1. Exactly one condition in (1) hydrophobic (A, V, I, L, M, F, W, C); (2) surrounded by 18 or more Cβ atoms within 10 Å (Cβ to Cβ); (3) at pLDDT 90 or above; (4) more than 52 Å from the chain's Cα centre (by Cα) is false for A:Ile58; which is it?
2. Is one or more of the residues making up the range A:323-335 touching a residue at least 40 places away in the same chain (Cβ under 8 Å) and outside any helix (DSSP H, G or I)?
3. Which is at pLDDT 90 or above and under 22 Å from A:Met212 (Cα atoms), of A:Leu378, A:Leu335, A:Leu328, A:Leu348?
4. Only one of these is assigned to a loop (DSSP other than H, G, I, E, B), without any contact (Cβ under 8 Å) to a residue 60 or more places away in the chain and not acidic (Asp, Glu): A:Gly279, A:Gly317. Name it.
5. Going through B:Ala124, B:Ala115 one at a time, which residue ends up being hydrophobic (A, V, I, L, M, F, W, C), surrounded by fewer than 18 Cβ atoms within 10 Å (Cβ to Cβ), closer than 24 Å to B:Pro15 by Cα and under 13 Å from the mean Cα position of the chain (by Cα)?
6. In the range B:116-141, which residues are farther than 15 Å from A:Arg177 by Cα and touching a Phe, Trp or Tyr at 6+ places or on another chain (Cβ under 8 Å)?
7. Scan the range A:348-386 for residues that are of a type in the set (D, E, K, R) and not in a helix (DSSP H, G or I) and report the count.
8. Those residues that are away from every other protein chain (no Cβ under 14 Å) and either of a type outside the set (Gly, Ala, Ser) or within 26 Å of B:Asn74 (Cβ to Cβ) (or both), I need them from the range A:162-198; list them, please.
Amino acid sequence: MKSALTHTSPLAISELRYRRLFESARDGILILNVDTGRIDDANPFLSELLNFTKEEMIGKTVGELSPFKDIEPNKIMLKRLQKDGYVRYENLPLETRNGRHIAVEFVSNVYQEGESKVIQCNIRDITESRAAQIEIHKLNTELEQRVQNRTAQLEEANRELESFSYSVSHDLRAPLRHILAFVSLLQKNIHPPLSQSNQHHLDTIAASTQRMGTMIDDLLAFSRVGKADIQMRPVPMDALLRDVMVDLQTEISGRKIVWEIQPLPTLMGDRGLLRLAMGNLISNAIKFTHHRAEAHIRIGLGSGEADECVIFVSDNGAGFDPAYTHKLFGVFQRLHGRNEFEGTGIGLANVQRIIRRHGGRVWAEGVVDQGATFSFSLPRPEPQSL
Amino acid sequence: MNTPAKNILLVEDDPQDVELTLMALAEYHLANKVKVVHDGAEALDYLYSRKNFTTREKGNPLMVLLDLKMPKVNGLEVLGLIKSDELLKNIPVVVLTSSREPADMIECYDCGVNAYVVKPVDFAEFMRVVRQIGIFWVDINEPTPPAIRKSPPPPVEEALALK
């Protein structure tokens, strides 16, 4: 066998090589006579695919094989092949002789073969890839539906949350008002006057109720900050800072504060919300330096990424333990006792919510008794938007 | 002839708030002039002198003190009906509510409310505010002359449906 092959002519070797390709191909291949369209040759894969023996196929036209009974008439296909040089069906559904329904890609080409021409048809089984495509399409549609459903659920949850905060504002405040009212009526009308300790109990009831009222108000304001529409406009931060200082007049008066304020740029944002955020940060700086004979408060531009502007507010006040930095921005989280510094602990939560809604970030650095620096970033505005 | 009822219609479902409001008005000796109803539907029955109020003294109240969140017909609906009725629209309506919600305030002003007052949490402040409302609308403000109804008022359900 080996010696037979070594003595074979180069042409025969080439013939053998391509015959092997033809025999082992995982696509169906037909060779047709260019004039009659009748099958000259068919490869084993096609036999297997259609359940026809090679002998059954040879001499027939493609249309005479039952799986291709719906294909265009032989003459027309030959004409098209002569005119265009090829015929192509991207997705041809077939029924094989043993009843399998498959889909094939069917491509016929006319090739020059020495002096004459032949037609070669490549028939690729695309049943599985079609099924996969259909499955992908189905999954995509389902996914879209799921996203829609989930969005509707979220919107519903949001509405529920809104009506929840609405009823908090009404239904929880009323009993608080009533407790306060009847406690003060009691205090006013009681005879004989209460003992000192009983008076203290009543005062405690009143103070706690008042405090709960403030917390409810703060929580409502916080939820409003989350709901409010953001009106993005150029905001000159210098002018905003002047407004904030006017807002804080009562907190500043009577205090010795050394201000160091650097020029600030114009940024894009919601003026009302940014004023609230700046106000909170500066109010905190004033609050947490109240035990200093001379408070130092610096406001200026910090360093950050290229696409953001960073503004910081730093003070020489009570500072905080860096171990608890992550708690600073939580709702009603406080790092100092209420008898030291007043407030419910909503301010920084508001600041964070506002800055995040603007696409920025907030962070803090501090050391106990050595002051704190609060910074926030806002996206650096495009020059043409200002 | 219609003679003005010269009273205040207090529309409030919460008994504690009724008690406190009456207490505040009593300090200015206005409490005996207050007619209390407990929801919006009852308020409309009173204003239209029907159901339990067919025999009431004729005329519109000097003012309506209106809570917003109430069972059956809420305050905003009452306000809307008062302000769209030819014979009722001139009654001063003061909304007295716990709600600081901007949406509520905007809707009330859009409906033509005469004043919007948030119930202060602090009791002394609450007393002061209610007293001042009473003083202003009963003593200082001049009410419109009495008007006469030509056609019968629509029933509540129909009027609400019209909205």
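The values are calculated or read from the model by the stated rules, or taken from the named source; none is laboratory data. From a predicted model like this one, the values you see are computed outputs, not experimental measurements. Reconstructed Cβ throughout: ideal geometry from the backbone, glycine too, with neighbour counts over all protein chains shown.
1. Tallying (1) hydrophobic (A, V, I, L, M, F, W, C); (2) surrounded by 18 or more Cβ atoms within 10 Å (Cβ to Cβ); (3) at pLDDT 90 or above; (4) more than 52 Å from the chain's Cα centre (by Cα), A:Ile58 fails exactly one: (2).
2. yes
3. Criteria check complete, one pass: A:Leu348.
4. A:Gly317
5. One residue alone meets the criteria, B:Ala115.
6. B:Tyr116, B:Arg131, B:Gly134, B:Ile135
7. 5
8. Listed by number, the residues that qualify are A:Ile190, A:His191, A:Pro192, A:Pro193, A:Leu194, A:Gln196, A:Asn198.
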